[in-house]
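The values are calculated or read from the model by the stated rules, or taken from the named source; none is laboratory data. Predicted model only: the values in this text are computed from it and were never measured. When we count neighbours, we look across all protein chains shown, and the Cβ atoms used for this are built from the backbone with ideal geometry, even at glycine. Note: accessible area is taken over every heavy atom of the protein model, side chains too, but ligands, DNA and RNA are not part of it. Shrake-Rupley method; radii C 1.70, N 1.55, O 1.52, S 1.80 Å.
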Amino acid sequence: MGLLAYFSEGTGLALLIAGLFIALALLAVVVLRYGKREYFGQIMAPSSLIGLCIVFFAITFSFPEEEAGPRAVPRLWIFWLCVLSSMVLIQIFRRKAAKDPAPGRLGFVFLMIALLTGYYFAIQTAGYFLSTFVFLALLMHILGYKNKWIIYAVSTGWVIFSYIVFYRVLYIQLPLGYFENYF
Amino acid sequence: MNKIAVFMTVVAIVSGSVANVWAKFPEKPIKIVVYTKPGGAGDVFSRKFAAIAKQYTDANFVVINKPGAGGVMAIKHILKSPADGYKLAFVTRSNIGKIVSTGSNIDIEKLSWMALMVSDPEAIITLKKSPINTWEQLVADAKAKNGKQIWVGPASGGNDHIMAMKIWEAAGIKTKWVPYKSGGKAMAALMGGHGVAYVGNPQDVIGRPDLKVAVISSPARIGGDFSGVPTFKELGVKGLDNEIMWRGFMAKKGLTKESYDFYMELFKKVNQNPKWREHILKGGATPVFYKEDRFLDIVRQDQAEFTATLKKLGAIK
Amino acid sequence: MELFDSILMGFGVLAGWKPIVVIITGVIVGILAGAMPGLSPSTAVALLVPFSYTMPPGLALILLTSIYIASNYGGSITAVLINTPGTPSASVTALDGYPLTQQGKAGKGLGIALIASTIGGGAGVLILILFAVPLARIALKFSPADYFALALFGLATVASMGRRNVLKAMIAILFGLLIKTIGIDSISGVSRFTFGSDALYEGFSLIPALIGLFAISVVFSKIEQWTGLNCVLSKVDNKLPSFKEFLKVRMTILRSSIIGTIIGIFPGAGATIAAFISYDVTKRTSTEPEMFGKGSMEGVAAAEAANSSSVGGALVPLLALGIPGSATDAVLLGAFMLHDLVPGPLLFRDSPEIVYGIFAALIVANFVMLILGLFGNRMFIRVVSIPDAILYPLILAIGIIGSFAVNSSMFDVSACIGFGIIGWIFKRYDYPVAPVVLGIVLGNMVEENFRRAVIMDGYGIFFRDKLAFTVLLIALLSFIYPFFKQWRTRKR
């Protein structure tokens with residue numbers, strides 16, 4: 001138990017998380033290289049959940065120990081999550097499971113995620129209104145909408161709508177970023 | 001006659017000079033940062049304050065809500081903003097508890113604890129129709145049940161739990177604390193008979209005729225609807241004469257003297273406003289105005305108390 | 001007859017143009033806010049509280065309660081049209097509403113949702129008016145063990161959600177439950193799995209998670225299948241459900257309204273659990289359970305009748321006892337206090353015109369909602385014909401601002417994007433996302449009541465408390481039954 005408590009916080013926890021990432025990466029390489037390629041996602045999804053469970057289980061050792069205390073219920077969920085995820089993995093190896101769906105335009109999805117992340121940071125620096133306009137216009141353009149005027153009209157319309165409804169009427173303090181001091 | 005004349009002159013001079021000061025400081029709206037969502041108790045309080053304060057100044061007040069982590073997010077927001085005096089924050093004692101329990105590195109000394117405006121006595125609340133509804137009955141029942149008596153209240157390690165632990169220690173009894181998500185839910189449990197006592201403030205029984213205040217922590221009885229409620233002192237329980245839940249306002253440290261004086265004057269006026277006093281007294285609390293020196297002492301003391309208790313409970317290390 | 005007189009007095013309060021304008025405004029705001037992902041009923045009401053401060057108390061509360069009741073319907077609009085539940089409880093509506101839209105029957109989906117919401121909302125209010133006080137007394141008697149049993153019963157509905165793979169549905173619900181343990185543990189005061197971050201102190205908020213799992217993930221999935229063609233859904237039918245179709249679901253609406261009201265009464269249960277449970281019950285008793293999840297009108301009706309009727313139920317503890325029964329109730333309690341009113345039994349005595357004014361307004365609001373909804377549906381349905389290249393960016397923008405609006409927090413925005421990615425992965429590998437929402441909604445209720453019950457009376461309480469034991473048994477059986485049926489058919 002002392003060993004497990006070491007992994008529950010601080011350096012130990014960081015080591016554990018790093019170790020699990022490496023293990024998952026190795027698993028990914030193995031699956032891709034040596035067969036089961038068509039089950040890549042179906043294997044990685046439950047495996048990642050099991051990884052998450054291991055981290056959470058280790059952390060529970062840092063909670064005080066008492067009857068019906070803070071440890072009990074998370075461990076119950078962790079236990080069943082691990083059992084069921086393992087059952088999904090077993091199904092795959094007994095070839096009872098469905099294969100991965102045919103990959104679509106994954107690059108496009110990753111681009112979208114990158115754009116959203118950029119938008120998230122832009123809101124905090126350039127402020128909500130400016131970054132939203134750029135984000136919307138850029139995205140519509142990327143998705144291949146032809147009519148430029150409609151793109152600008154919709155983007156501007158949304159920015160004005162959110163300013164009036166959210167900022168003015170509902171008093172939601174949308175981040176203004178660097179412009180904060182000018183208002 | 002003469003006295004009145006002198007008085008009037010003094011008032012004229014004072015208010016005249018004050019008006020002068022006011023003409024300078026608030027050049028733009030003052031934001032009151034509230035740690036609850038709109039409609040929460042703190043929000044209601046701050047809006048009342050703003051409405052009354054408006055009578056004494058031309059400045060506009062805007063209440064903005066920064067919920068999160070029981071007030072820690074709002075305080076961090078204040079610390080990030082410039083100390084220009086245009087942002088006040090509403091604070092209560094429970095925020096101090098959250099500063100401690102979240103382990104956030106907020107330094108209370110970097111804040112200017114400007115005014116403690118309301119002092120709300122802690123109280124034991126019981127169910128009227130329950131056979132155990134007075135202090136004597138509670139103590140006798142606790143001893144008979146030997147640790148199995150149930151008290152309900154909000155989360156462990158909060159104000160009310162700490163108060164309960166103090167009461168148990170002072171009375172020499174042992175009981176169980178069963179925490180609920182919010183005070184309202186705990187009161188529902190008390191009304192349903194799932195526990196025998198709830199620790200809260202007198203205002204909790206207002207509008208809920210099933211409940212009564214059994215004991216109050218106050219140096220003397222409080223007036224109004226609660227004049228029949230005994231204090232701990234009267235019941236012979238020592239050391240619980242002034243346990244309070246406070247509410248007040250603070251800002252980031254470093255305000256100019258001009259803006260600081262503006263607020264001191266404003267708090268003083270609001271504190272004396274009859275409507276304000278009536279609103280607070282109706283809730284069984286006392287309108288007060290403790291300035292920074294006294295307020296900071298209370299905050300420091302609370303911080304030490306929360307730290308000690310939460311360590312004892314194992315909630316922090 | 002006293003009650004009758006009081007109700008009449010309530011309608012008397014509504015005389016004049018001001019209250020009617022306030023109700024209509026409230027219903028419009030409620031429908032629009034409900035339809036907007038991120039503005040859940042409680043957030044919508046909360047955001048309008050400051051606005052109502054300047055109004056006379058009676059009108060202010062009429063405005064807020066009208067918003068409350070209409071927003072539960074509003075959530076269904078976006079759920080049906082673009083698979084983006086505007087409110088947490090509409091995530092159940094989306095299960096069958098969106099398939100209807102995909103089949104070109106958006107008009108039927110919206111129509112049945114509107115009718116079910118109106119009848120459900122009305123039934124809830126009726127029960128509220130007639131039985132508020134006795135029902136509130138009964139609800140108080142339920143112990144933590146009973147609440148735990150009810151919550152487990154809610155969890156057991158997962159068995160009817162995994163269309164193909166119950167195993168994956170269960171993994172999804174456990175994922176939601178585990179996510180919900182992040183943050184402060186309100187029983188012991190310990191912070192769990194927060195990795196030292198203040199932002200995680202109160203755990204993940206439901207709304208950003210909901211928006212991410214449903215709305216953002218859908219955009220990712222569609223982008224993955226992007227063909228570059230701006231195809232619009234070819235046939236959009238705004239035909240309303242026929243009278244025959246309505247008659248077919250009338251029993252479903254009635255039953256779900258009662259389930260919704262009852263569950264709404266329990267402080268802390270709420271619209272989402274009501275919708276899940278009534279969907280489950282309806283599926284089990286339906287003559288065509290195989291249609292559920294593929295565009296069953298019964299499914300939409302069950303979810304919407306339940307979530308709208310829960311409003312009446314949730315107002316029971318607030319008005320009868322002054323105890324907030326839902327998140328929105330807590331906000332309403334604040335609104336009462338702002339006007340120096342305290343809800344509870346004394347309010348009936350001291351300001352009956354306010355209480356019965358609210359009752360009358362709720363009834364009127366339901367009719368206003370029906371009329372506005374019938375007109376609005378023709379307009380809303382056009383959303384479906386917006387080209388995807390415009391619609392998807394807008395869904396993302398709405399999701400982002402909606403997540404931010406809940407707590408004015410950028411952390412919630414990042415959580416929303418994160419849950420969007422998780423939702424996309426879940427959907428890609430055939431894990432349903434609705435159970436994750438169910439897990440997040442029920443997580444605290446299950447854990448806290450379980451531990452409270454054990455602290456009070458030890459583990460034996462679940463056998464000694466007859467009601468809890470019975471409900472637990474039913475939950476267990478209803479959970480096992482689908483497996484049993486599957487096993488039997490396989491054997492044949």
- [ ] Give, ordered by residue number, each residue of the stretch C:181-220 whose 1.4 Å probe accessible area is reduced by a minimum of 30 Å² on adding the remaining protein chains to the chain alone.
- [x] C:S186, C:I187, C:S188, C:G189, C:V190, C:R192, C:F193, C:F195, C:D198, C:Y201, C:E202, C:F220
TODO: Quick one: compute the contact order of chain B, relative version, from alpha carbon pairs under 8 angstrom and 6+ residues apart, as a percent.
DONE: 25
- [ ] Could you size up the charge dipole of the stretch C:2-491 around its Cα centre, putting +1 on the beta carbon of Lys and Arg and -1 on that of Asp and Glu, and report it in debye to the nearest 20?
- [x] 1680
TODO: Taking a probe of 1.4 Å and counting only protein heavy atoms, give the total accessible area buried between chains A and C in Å², rounded to the nearest 100.
DONE: 5700
Task: Estimated inter-spin distance, B:A51 and B:K80, nm [label 7 Å along Cα→Cβ] - done: 3.1
- [ ] Sort B:154-164, C:54-64 for me by packing, meaning the mean count of neighbouring Cβ atoms within 10 Å per residue, highest on top.
- [x] B:154-164, C:54-64
Task: Residue-averaged beta-carbon neighbours from other chains (10 angstrom radius) around C:445-456 - done: 5
TODO: List the residues whose amide H sits under 5 Å from the amide H of B:G153, counting only those 5 or more places along or on another chain, with H placed 1.01 Å from N in the peptide plane.
DONE: B:V178, B:Y180
Task: Computed magnitude of the charge dipole of the protein assembly as shown (debye, nearest 20; Cβ of K, R +1, Cβ of D, E -1) - done: 2220
- [ ] With just the Cα atoms of the protein assembly as shown, tell me how far they stretch along each of the three principal axes, in Å, largest first.
- [x] 99, 69, 69
Task: Average accessible surface area per residue within chain B, 1.4 Å rolling probe, Å² - done: 41
Open item on the list: Please compute, for peptide C:386-396, the average count of beta-carbon atoms on other protein chains lying within 10 Å of each residue's beta-carbon.
Closed with: 6
Task: Percent accessible area from carbon and sulfur atoms, chain C, protein chains only, probe 1.4 Å - done: 69
TODO: Take the stretch A:106-182, compute every pairwise Cα distance, and split them into 10 Å bins from 0; I just need the percent in each bin.
DONE: 19, 44, 31, 7, 0
- [ ] Summarise the partner chain shielding of C:400-407 as one whole number: the mean count of Cβ atoms from other chains within 10 Å of each residue's Cβ.
- [x] 5
Open item on the list: Suppose we compare each residue of the stretch B:158-198 in its chain alone and in the full protein complex with a 1.4 Å probe; which ones drop by at least 40 Å² of accessible area?
Closed with: B:K176, B:V178, B:P179, B:Y180, B:K181, B:K185, B:A188, B:M191, B:G192, B:H194
Task: Selection from C:G334, C:S197, C:F367 lying farthest towards where the dipole of chain C points positive, charges on Cβ - done: C:F367
Task: Label zone at C:I425 (point 7 Å along Cα-to-Cβ), backbone N below 12 Å, the stretch A:59-100 - done: none
Task: Quotient of Cα Rg and 2.2 N^0.38 Å for the stretch A:15-139, N being how many residues it contains - done: 1.45
Open item on the list: Based on alpha-carbon centroids, what's the gap between the stretch A:106-183 and the stretch C:124-147 in Å, whole number please?
Closed with: 46
Task: Solvent-accessible area per residue, Å², over the stretch A:108-175 with all protein chains present [probe radius 1.4 Å] - done: 48
Task: In Å, descending, principal axis extents of the Cα set of chain B - done: 66, 54, 32
Open item on the list: Which entries of C:K108/C:K239; B:K98/B:K317; B:K66/B:K87; C:K105/C:K222; B:K185/B:K317 have Cα-Cα distances beyond 18 Å here?
Closed with: C:K105/C:K222; B:K185/B:K317
- [ ] Express the relative contact order of chain A as a whole percentage, based on alpha carbon pairs under 8 Å and six or more residues apart in sequence.
- [x] 18
TODO: Using only protein heavy atoms and a 1.4 angstrom probe, determine the accessible area buried between B and C, summed over both sides, in Å² to the nearest 100.
DONE: 3800
Task: 1.4 Å probe accessible area per residue over the stretch C:420-491, in Å² - done: 49
Open item on the list: Below 8 Å, C-alpha to C-alpha, sequence gap of six or more: please give me the relative contact order for the stretch B:123-226 in percent.
Closed with: 42
TODO: Could you give the size of the charge dipole of chain B about its Cα centre, using +1 on the Cβ of each K and R and -1 on the Cβ of each D and E, expressed in debye and rounded to the nearest 20?
DONE: 640
TODO: Using a 1.4 Å probe over the heavy atoms of the protein chains, calculate the carbon and sulfur portion of the accessible area of chain A as a whole percent.
DONE: 70
Task: Under the Karplus curve 6.51 cos²θ - 1.76 cosθ + 1.60, θ = phi - 60°, whole-Hz ³J(HN,Hα) for the stretch B:275-288, x wherever Gly or Pro sits - done: 5, 4, 4, 5, 4, 6, 5, 4, x, x, 10, 10, x, 9
Task: Paramagnetic reach from B:K128 in the stretch C:124-148 [backbone N under 17 Å; point 7 Å along Cα→Cβ] - done: C:133-134, C:137
- [ ] At 7 Å along the Cα-to-beta-carbon direction for both C:I480 and C:T54, put a label point, then send me their distance in nm to one decimal.
- [x] 6.3
Open item on the list: Take C:L467 and B:N60, extend 7 Å from each Cα along the Cα→Cβ direction, and tell me the distance between the two endpoints in nm.
Closed with: 5.1
